[in-house]
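Written below as structure tokens is the structure these notes are about.
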Amino acid sequence: MNKKILSQKKDRREFLLLIFLFIFAFVLRLIYLFEIKENPHFFTLTMDPLYHDVWAKSIAEGDILGSRIFFRAPFYPYFLALVYKIFGHNYFIPRLIQHLIGATSCVLVYFLAKKLFNKTVAIISFLFAACYGMLIYFESELLLDSFLVFFNILLILFLLKTKENPQLGRWLVCGLILGLSAITRPNILFFVPFIWLWIYLSFRNQINLRRITLFSAVFLLGAIILIFPITLRNALIGKDLVLISSQGGANFYIGNNENSDGMSAIFYKSDWEYRDFQYVAQKEMGRTLKPSEISRFYYKKGIDFILKKPKASIKLLLKKLYLFWNKFEISNNQNIYFFKRYSLLIRILPFGFWFIGPLSLTGIALSLKEKRKIRRMPDIFLPLFFVLSYMVTVVLFFVTARFRLPVIPFLIIFSSFAIYWIGSKLIKGKRGSLKIFLLFLIPSLILVNSNLYGLEVGDFSQAHFSLGNVYLKRGNLEKALKEYDLAIQIAPLSRARLNRGIIFFKEGDLNMAKKEFLEELKIDPDNQKVYNNLSVIYRLEGDYIKSERMALKALDIKPYYKDAFINLALAYQKQKDSAKAKNALLRGINQIGDFIEADFLLATLYQKEGNIDSAIYQYKKVISKKSKEVIIYDLETLFAKDFPSRKGKEEIIAYSNFNLGVIFVQKGKWEKAELHFKEAIRGKPDFAEAHLNLGLFYDGLKNYSFAIFHITKALEIAPFNPVYHYNLGLVYAKADQLYKATEEFKKSLELDPTFEKATEKLKLVDSLLHNRSIKK
């Protein structure tokens, strides 16, 4: 009985300790979260966080299944969508949740370390995990890594617990956890054979092979339960057999080609998009390829590089292996070292890979050395197998701090064991153990803290460029220009002058914009965006031949460049060559396929030349494209000023509905006209012209109350339009609200004193009011 009471007290003390430790870890994370709210990237997302955000918003708005093969694993965007659905579109709440998960992961590290070693190692491991800067840093990014860390620690812990009580239901749960990790990032699937090996090593002397096989099969079944719906969804919606996502081949080739540096996500240029991979693959294969075929194409290209250039590939592989175990935190989205300036906490936290890396290698060596003294050696194999298998999946592709992050908690545990081991030996007076410890530690210290490839912390040119993009996206042109200037001062960075040109264009200084674009061509003569932007400038300057030439040059470099097709068509349109304009658009549609901008512009050309049936057909084609897609606004590309802004399909669909409304009014098809004007307003609620035309439509039907409502709405959106005030005055006059009509005509004339029709109507209404006053 006393033993039971003592055990309960011990459990209670441990529970209180864990509560305290959890609070400690979470408070550190809260401090960091509030610190980085000053980081401009916090509320203005770029790159992968922006990709996740746009995808999540699309899901939250109702596009739950999407319309294409998943390019990336879907778990994180769906988590983000759920947060947006519950809390609204908010960048603080998901980060807060991720920090809660991060603090929980620290608790899991404690339990795992205790299970593998002892309570002392567990406490040390917890403190290292709680204070490890990169874990905290990535928990505050709208990225999947905090979940990946959590799922993988949970998986190893559950596997070890299941080994003690190997019921089939527990193996199924382990499989489900692996499935969650796989649909977050599929790398974990490479770990499955190692888990099977560990199961065999754990039970080979206890049960027969058939039972071991059953455990392995049930474990696999758990993973399949979560992965299969993703595969089925890809097959049914994307019409292709893709297990989870289709980006594997592209990423493999990025990390395995003669131009790869082993750490940068660069295809043949830094600002690539998936369409670039698709185009190159399809051009080489001479046919349209499915996403799975594109992925296989790049896997093959990567393997061909490895086989045909073994010296170069081995040299690259060794470099990536070195980078994986090096202290340098390789940035992927934003420069980690640059953005430390926004957090005092991250700057002062003492533990980094410079410390954990050497100690973990030492701890691994010591744990293997002490294998006879540690019971249940296969338990140690499991996290070692994980580190080994995950390292292979990273090194086979390319190395960044993000991709290395999932192994950090396990390396922390082995680091803690190394400290515990030497501490306990020295306390016992075994001074000779220090030699063994240093024998492992010193080479590890040299390896991890060396710099064989000249990695630099201080080159912040790309970071200033990225920050400039944030300010440009916010519309803060002055700050954006300052950041681009800083980037150029550090290095002649490609695209910095391009974006300076964008700023001058937005400010209306076409000469300076042109100058910057031409300077950009000196740095990057094959930048299609520069030629596209010059096409816009030359068109606005009235040099339509040069505008045409620049658009054609952009298409020579990138034959599937949407913006260039549009600008080429507009250049032809300005030359009054409607046939060439239409031909350019049809070429673009044939080349790209889903090209709603070209469909819309083609419809407007048909409408202008009086080919109404073709115009109606094209507008209806645009409207039929209701499916939403991930569209990320390109800051570096200029588009036509007289073209609907590129916020996505919805706005172009709204303009198509509006133009159909105008056409059907002209045809006298009133019900259809009303329907399309309403659809235009539904798609674009701030569409002033659509409200005006719907108001005029109701005016024609003598439904003056509806007419007044919609024209008033138009004026709320565009209060300084004299024509809108004039039309509202006319409707008030017809509704016999003459005083209000007078007010509107006067407002119209205040805005445009030369508006003769408003003057005439004002005199007429004044005359009517005067006559009425005489009669009274």
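Worth a mention:
- Dipole axis of the chain (+1 Lys, Arg; -1 Asp, Glu on Cβ), positive-most option in S433, I708, Y78: S433
- Qualifying chymotrypsin sites (Phe, Trp or Tyr not before Pro) in the stretch 414-494, DSSP loop, other Cβ atoms within 10 Å at most 10: none
- Estimated from helices alone, the mean residue ellipticity of the chain at 222 nm is -23500 deg cm²/dmol (sum of -39500 (n - 2.57) over DSSP H runs with n ≥ 4, per residue).
- Ranked by the mean number of other Cβ atoms within 10 Å of their residues, highest first, the peptides 591-601, 59-69 come out as 591-601, 59-69.
- Vicinal HN-Hα couplings computed from phi for the stretch 206-213 (Karplus, 6.51 cos²θ - 1.76 cosθ + 1.60; Hz; Gly/Pro x): 10, 9, 7, 4, 4, 5, 4, 4
- With an a/c value of 1.5 or above and a/b not larger than b/c for the gyration tensor axes a ≥ b ≥ c computed over the alpha-carbon atoms, the stretch 125-239 is described as oblate.
- Accessible area (Å², per residue) of the chain, counting only protein heavy atoms and a probe of 1.4 Å: 46 Å²
- Backbone HN-Hα couplings from phi across the stretch 16-22 [Karplus 6.51/-1.76/1.60, Hz, Gly and Pro as x]: 5, 4, 5, 4, 4, 5, 4
- For the stretch 207-257, the list of trypsin sites (Lys or Arg not before Pro) that fall in a loop by DSSP and count at most 16 other C-beta atoms within 10 angstrom reads K239.
- A protection proxy built from the mean count of other Cβ atoms within 10 Å ranks the segments 383-393, 30-40, most packed first, as 383-393, 30-40.
- Here the 3J(HN,Hα) profile of the stretch 546-555, calculated from phi with Karplus coefficients 6.51, -1.76 and 1.60 at θ = phi - 60°, is 5, 4, 4, 4, 5, 5, 5, 5, 4, 6 Hz, Gly and Pro shown as x.
- Accessible area of the stretch 565-606 belonging to carbon and sulfur atoms, whole % at 1.4 Å probe: 46 percent
- Accessible carbon and sulfur surface of the stretch 87-244 relative to its total accessible area, %, 1.4 Å: 70 percent
- Where trypsin sites (Lys or Arg not before Pro) fall in DSSP loop in the stretch 689-737, at most 15 other Cβ within 10 Å: K702
- Within the accessible area of the stretch 21-66, the carbon and sulfur atoms contribute 70%, probe 1.4 Å, all protein chains present.
- Helix 92-116 axis, angle to the chain major axis (alpha carbon atoms, nearest 10°): 10 degrees
- Taking a Cβ cut-off of under 10 Å around R341, the surrounding Lys, Arg, Asp and Glu residues balance to a net charge of +1, with basic ones at +1 and acidic ones at -1.
- Burial order of peptide ranges 190-201, 121-132, 101-112 (average beta-carbon count within 10 Å, highest first): 121-132, 101-112, 190-201
The values are calculated or read from the model by the stated rules, or taken from the named source; none is laboratory data. Bear in mind that the values here come from a model prediction, so they are computed numbers and not experimental data. All Cβ positions, even for glycine, are placed from backbone atoms using ideal geometry, and neighbour counts span all protein chains on display. With ligands, DNA and RNA removed, areas are computed over all heavy atoms of the protein, side chains included. Shrake-Rupley method; radii C 1.70, N 1.55, O 1.52, S 1.80 Å.
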